[in-house]
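Structure record follows, encoded as structure tokens.
The values are calculated or read from the model by the stated rules, or taken from the named source; none is laboratory data. Just so we're clear, the structure is a prediction, and the values are computed from it rather than from any experiment. Reconstructed Cβ throughout: ideal geometry from the backbone, glycine too, with neighbour counts over all protein chains shown. Just the protein is used for accessible areas: all its heavy atoms, side chains included, with ligands, DNA and RNA removed. Shrake-Rupley method; radii C 1.70, N 1.55, O 1.52, S 1.80 Å.
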Amino acid sequence: MDQFKRFRNRRIDEPTRERFRESSLCVQDFILPLFILEGDGRVEDILTMPGVARRSIDKTVDYLKPLVDRGLESVLLFGIPDKKGVAQATSDNGIVQRAVRVLKRHLPSLEIITDVCICSYSQDGHCHIGDNDRTARLLAAIAVSHAEAGADVVAPSDMMDGRVWYMKRALDAAGLSTPILSYAAKYASSFYGPFRDAADCAPQNGDRRGYQMDPANGDEALEEIAADFEEGAEAIIVKPAMTYLDIVRRAREAYPDREIVVYNVSGEYASILSAISQKLLPEGALDELLLSFKRAGASRIITYAAAQWLQR
Ligand code: PBG
């Protein structure tokens with residue numbers, strides 16, 4: 001080798017760096033998760049997630065309007081019922097079903113994705129009612145009820161086997177073509193803590209390792225993803241995001257034309273945001289984090305930071 005390659009001329013100033021940039025962030029990349037409370041006029045800050053609150057439906061509409069004006073296109077709804085009980089999860093009058101109808105009326109352009117799980121409804125905070133297949137059938141009924149209320153996309157986050165299979169059949173039987181965005185590779189992670197406070201869904205006994213994936217496994221994530229696509233999922237989620245970028249990359253390589261979504265979960269958000277607020281990290285750390293998801297191959301990012309990103 002009698003010559004070396006020069007790279008620094010790509011970095012001499014911002015316009016040049018922009019020309020060489022391989023990935024970028026834009027408003028269309030973001031899906032904002034929302035915690036919906038019963039009642040009216042309620043806004044409750046979540047202490048472990050700076051800048052995030054749980055809101056009743058009316059307050060959610062007020063909160064969303066300026067964000068939609070700034071370009072927000074998509075939200076993911078989590079319903080938090082006042083009283084526990086799995087039956088209301090399929091009720092046409094349930095908190096998610098009502099929220100979907102009101103949001104569709106006030107913000108018709110907004111894509112509404114609903115989280116399909118029972119952990120905020122069940123007495124023990126688990127994502128199942130014991131038997132796998134009985135749970136999968138219940139989840140399918142919940143998905144149908146969300147879709148009937150007008151949800152654009154249903155997103156099962158429980159990690160039961162075959163839930164996409166049951167869900168697809170139930171939606172077809174109801175004459176609905178609502179796409180399924182499945183949490184296909186969802187790990188039993190330590191990064192969900194703040195969410196469990198927010199959604200009031202911490203397991204009352206044991207943990208979720210009996211159904212969520214073992215953090216040590218990568219090949220298995222590809223099996224889970226393949227199974228969900230075969231069962232009829234339109235798109236899939238890798239969750240968490242920060243510590244599973246290898247899975248995002250592998251999923252992208254295996255499915256170059258599919259929508260691969262990452263979920264930048266509550267513990268990731270809380271750690272970065274609290275480090276920024278304590279000045280341990282500069283503001284730019286957030287963009288660097290979000291960009292890493294895109295660079296790894298994510299089509300879109302579910303993140304609580306979407307609101308901050310839009311409000312700048
Ligand atoms: C429950 C669910 C969880 C999250 C989304 N759906 C928590 C869990 O599995 O324990 C976590 C999201 C986050 O941490 O931001 N079905």
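Any idea which of SER189, SER182 is touching a Pro at 6+ places or on another chain (Cβ under 8 Å), away from the ligand (no atom under 11 Å from the Cβ) and not aliphatic (A, V, I, L, M)?
Details: SER189 fails: away from the ligand (no atom under 11 Å from the Cβ).
Answer to the selection: SER182.
Could we say that SER189 is of a type in the set (Gly, Ala, Ser) and open to solvent by less than 20 Å² (accessible area, probe 1.4 Å) here?
It is true that SER189 is of a type in the set (Gly, Ala, Ser) and open to solvent by less than 20 Å² (accessible area, probe 1.4 Å).
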Considering residues of segment 288-312 that are of a type in the set (Lys, Arg) and under 13 Å from ALA241 (Cα atoms) only, the residue surrounded by the fewest Cβ atoms within 10 Å (Cβ to Cβ): ARG295
Determine which single condition TYR183 fails, assuming it passes every other condition in (1) open to solvent by 10 Å² or more (accessible area, probe 1.4 Å); (2) within 22 Å of GLY94 (Cβ to Cβ); (3) touching a residue at least 24 places away in the same chain (Cβ under 8 Å). (1)
Cβ pairs under 6 Å, 6+ apart, first in segment 31-60 and farther than 18 Å from LEU76 by Cβ, second at pLDDT 95 or above and open to solvent by 60 Å² or more (accessible area, probe 1.4 Å): VAL43/LYS59; ASP58/ASP40
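Would you point out the residue of segment 167-180, among those that are open to solvent by less than 10 Å² (accessible area, probe 1.4 Å) and in contact with an Asp or Glu (Cβ under 9 Å, 6 or more places away or on another chain), that is nearest to ALA270 (Cα to Cα)? Full working, then the answer.
Taking segment 167-180 first, the residues open to solvent by less than 10 Å² (accessible area, probe 1.4 Å) are 167, 171, 180.
Imposing the further condition that a residue be in contact with an Asp or Glu (Cβ under 9 Å, 6 or more places away or on another chain) reduces the set to 167, 180.
Numbers: MET167: 33, ILE180: 28 Å.
For segment 167-180, the residue satisfying everything is ILE180.
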If you go through segment 146-169 one residue at a time, how many are within 21 Å of ARG98 (Cβ to Cβ) and out of contact with any strand residue (DSSP E or B) (no Cβ under 8 Å at 6 or more places or on another chain)? 2
For GLN204, all conditions in the list (1) open to solvent by 70 Å² or more (accessible area, probe 1.4 Å); (2) in a loop (DSSP other than H, G, I, E, B); (3) more than 16 Å from the ligand (Cβ to nearest atom) hold save one; what is the number of the exception? (3)
Filter segment 262-287 for residues that are part of a loop (DSSP other than H, G, I, E, B) and farther than 14 Å from MET242 by Cα; which is most open to solvent (accessible area, probe 1.4 Å)? LYS279
Any residue at all in segment 97-113 that is open to solvent by 50 Å² or more (accessible area, probe 1.4 Å), under 17 Å from TYR304 (Cα atoms) and free of Cβ contacts under 8 Å to residues at least 24 places away in the same chain? no
Qualifying residues in segment 55-96 (those that are within 21 Å of the chain's Cα centre (by Cα) and hydroxyl-bearing (Ser, Thr, Tyr)) - the one surrounded by the fewest Cβ atoms within 10 Å (Cβ to Cβ): TYR63
Quick check on segment 241-261: of everything there that is under 28 Å from ALA170 (Cα atoms) and part of a loop (DSSP other than H, G, I, E, B), which residue is most open to solvent (accessible area, probe 1.4 Å)? ASP257
How many residues are open to solvent by less than 40 Å² (accessible area, probe 1.4 Å), assigned to a loop (DSSP other than H, G, I, E, B) and not hydroxyl-bearing (Ser, Thr, Tyr) if we restrict to segment 141-161? 5
So the check is Cβ under 6 Å with 6+ separation or different chains; which pairs have a first residue in segment 252-278 that's over 19 Å from ARG196 (Cβ atoms) and a second one that's assigned to a helix (DSSP H, G or I) and aromatic (Phe, Trp, Tyr)? VAL262/PHE293
Given the conditions (1) open to solvent by 10 Å² or more (accessible area, probe 1.4 Å); (2) in contact (Cβ under 8 Å) with a residue 60 or more places away in the chain, report the number of the one that LEU138 does not fulfil. (2)
Single residue of ARG169, ARG209 found to be in a helix (DSSP H, G or I) and charged (D, E, K, R): ARG169
Restricting to segment 184-228, name every residue that is within 16 Å of the chain's Cα centre (by Cα) and more than 17 Å from LEU245 (Cβ to Cβ). ALA188, TYR192, GLY193, PRO194, PHE195, ARG196, ALA198, ALA199, CYS201, GLN212
